[in-house]
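Have a look at the structure below, then the notes.
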Amino acid sequence: MRIFKTLYSLWAAFWLIGIFVLLFPFFWLFLQKETWKPYAHYLNRLWGKLFFPLVGIPIKVQYDFVPDTQQAYVFCANHFSYLDIAAMGVVLKNYYAFVGKSVIKKVPLFGYMFAKLHIQVDREDKSSRAKSMTRSIKALQSGRSIVIFPEGGIKSKKPPMLHQPFKDGAFVMAVQQQVPLVPITFLNNYKIMYDSKPQLNRQALRVIVHEPIPTTGLTQEDVPALKEQVYQVIQTALNKG
């Protein structure tokens, strides 16, 4: 049984990397001009749309809310698996930027795409956090959404329990720009591929896009309450499974 799981995982890794390598020349082209970057974003989504069917992992999304592709949001999701990043492009049709760890840019090819298309942050560096916040706010002002994992990475040691405390960034920028916060729950990604266990377990990937939480009229004093509200929405969904 273990040998079949290992072979399946290697086969899936081949397709994950292989599809990206095939798409990379087009990524490189579309990342040369700011006005072409939405096409690079579409390729990002196409990557996930091709990968998951090829490896037999259907994505089942429960849309309690369907985001308007013409509006900017701050999407906040739990993060237990590296699959979350690829799956997000299938779940959301919006043009968005990930806020992710700066170390990602060291990954060959993928790091180049991430550095050019998304927003990197070194959470241990105050100046890096400030720069990422500035870039995120500019993205929201331009009408581009932000996707962020408020746990600050894959931190939970006991999924499906979320890692706390949440980082402030997502909530600060949402309040400052008065854009809605949209919680997203990846219900079982950690059962398909957990960070410390890179083998894949084939099953349907289940996601919930929750109702938005408005921030109109809120101030920075409301950030702690917003953090708790998003935590409760996601953790409650995880508890129900």
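Within the stretch 57-240, DSSP assigns beta bridges of which about 20% are antiparallel (rounded to the nearest 5). Here the stretch 73-107 is scanned for amide nitrogen atoms under 18 Å from the site 7 Å beyond the Cα of residue 177 along Cα-to-Cβ, giving 73-77, 89, 92-101. For residue 134 and residue 29, FRET efficiency with R0 = 25 Å and r from the beta-carbon atoms, rounded to 0.05? That gives a FRET efficiency of 0.35.
Structure shown: which of 33/131; 5/227; 60/157; 105/138 lie over 28 Å apart, alpha-carbon to alpha-carbon?
In this structure, 5/227 exceed 28 Å between Cα atoms.
Label-to-label distance for residue 49 and residue 203 is 2.8 nm, based on points extended 7 Å past Cα in the beta-carbon direction. Evaluating 6.51 cos²θ - 1.76 cosθ + 1.60 at θ = phi - 60° for every residue in the stretch 3-14, the Karplus couplings come out as 5, 5, 5, 5, 5, 4, 5, 5, 4, 5, 4, 4 Hz, glycine and proline recorded as x.
What value, in deg cm²/dmol to 500, does the helix sum -39500 (n - 2.57) over DSSP H runs of n ≥ 4 give at 222 nm once divided by the residues of the chain? Can you show the working numbers first?
Values: 8 runs with 111 residues, N = 241.
That calculation yields -15000 deg cm²/dmol at 222 nm.
For the chain, the Cβ-based charge dipole about the Cα centre amounts to some 820 debye (Lys, Arg positive; Asp, Glu negative; other atoms uncharged). You can think of it this way: the chain between residue 82 and residue 116 has 10.3 nm of extra reach, that is 0.36 nm per residue less the Cα-Cα gap. The modelled label-to-label distance for the pair residue 123/residue 228, using points 7 Å beyond Cα in the direction of Cβ, is 2.2 nm.
Under 5 Å between amide hydrogens, built in the peptide plane, is the criterion, and for residue 200 it picks out 9 among residues at least 5 positions away or on other chains. Here the Karplus curve 6.51 cos²θ - 1.76 cosθ + 1.60, taken at θ = phi - 60°, turns the phi angles of the stretch 51-57 into couplings of 5, 5, x, 4, 9, x, 10 Hz, with x standing for Gly and Pro.
Farthest toward the positive end of the dipole of the chain, out of 29, 152, 239, is the Cα of 29, where the dipole comes from beta carbon charges about the Cα centre.
Taking amide H positions as modeled 1.01 Å from N, with prolines and chain starts lacking one, the residues under 5 Å from residue 215 and 5 or more places away or on another chain are 181.
If packing is taken as the average count of other Cβ atoms within 10 Å, what order do 220-230, 143-153 fall into, highest mean first? All intermediate terms of the calculation are to be shown ahead of the outcome.
Details: 220-230: 15.6, 143-153: 21.5.
Result, highest mean Cβ count within 10 Å first: 143-153, 220-230.
Karplus-derived 3J(HN,Hα) values for the stretch 211-226, using 6.51 cos²θ - 1.76 cosθ + 1.60 with θ = phi - 60°, are 4, x, 10, x, 10, 4, x, 7, 10, 4, 5, 8, 4, x, 5, 5 Hz; glycine and proline are entered as x. Put in line by how crowded their Cβ is, counting other Cβ atoms within 10 Å and starting with the fewest, 63, 82 read 63, 82.
Considering all different alpha carbon pairs of the chain, the Kirkwood hydrodynamic radius works out to 18.3 Å. Maximal additional length on extending the residue 220-residue 71 stretch stands at 51.4 nm, based on 0.36 nm per residue less the C-alpha distance. Between residue 36 and residue 105, the simple spin-label model (points 7 angstrom out along Cα→Cβ) gives 2.0 nm. Among 87, 40, 130, the largest mean-square fluctuation in a Gaussian network model of the chain (Cα springs under 10 Å) belongs to 130. Residues whose amide H comes within less than 5 Å of that of residue 75, counting only those at least five positions distant or on another chain, are 146, 147, 148, 182 (H built at 1.01 Å from N in the peptide plane). Within the listed set 22, 83, 181, the Gaussian network model of the chain (springs between alpha-carbon atoms below 10 Å) gives the highest mean-square fluctuation for 22.
Placing a label point 7 Å from the Cα of residue 2 along the Cα-to-Cβ direction, no residue of the stretch 56-98 has its backbone N under 17 Å from that point.
Only the coordinates and a few stated rules stand behind these numbers; no lab work does. Quantities reported herein were computed from a predicted structural model and do not represent experimental measurements. Counting neighbours? That spans all protein chains shown, and the Cβs are built from the backbone with ideal geometry, glycine included.
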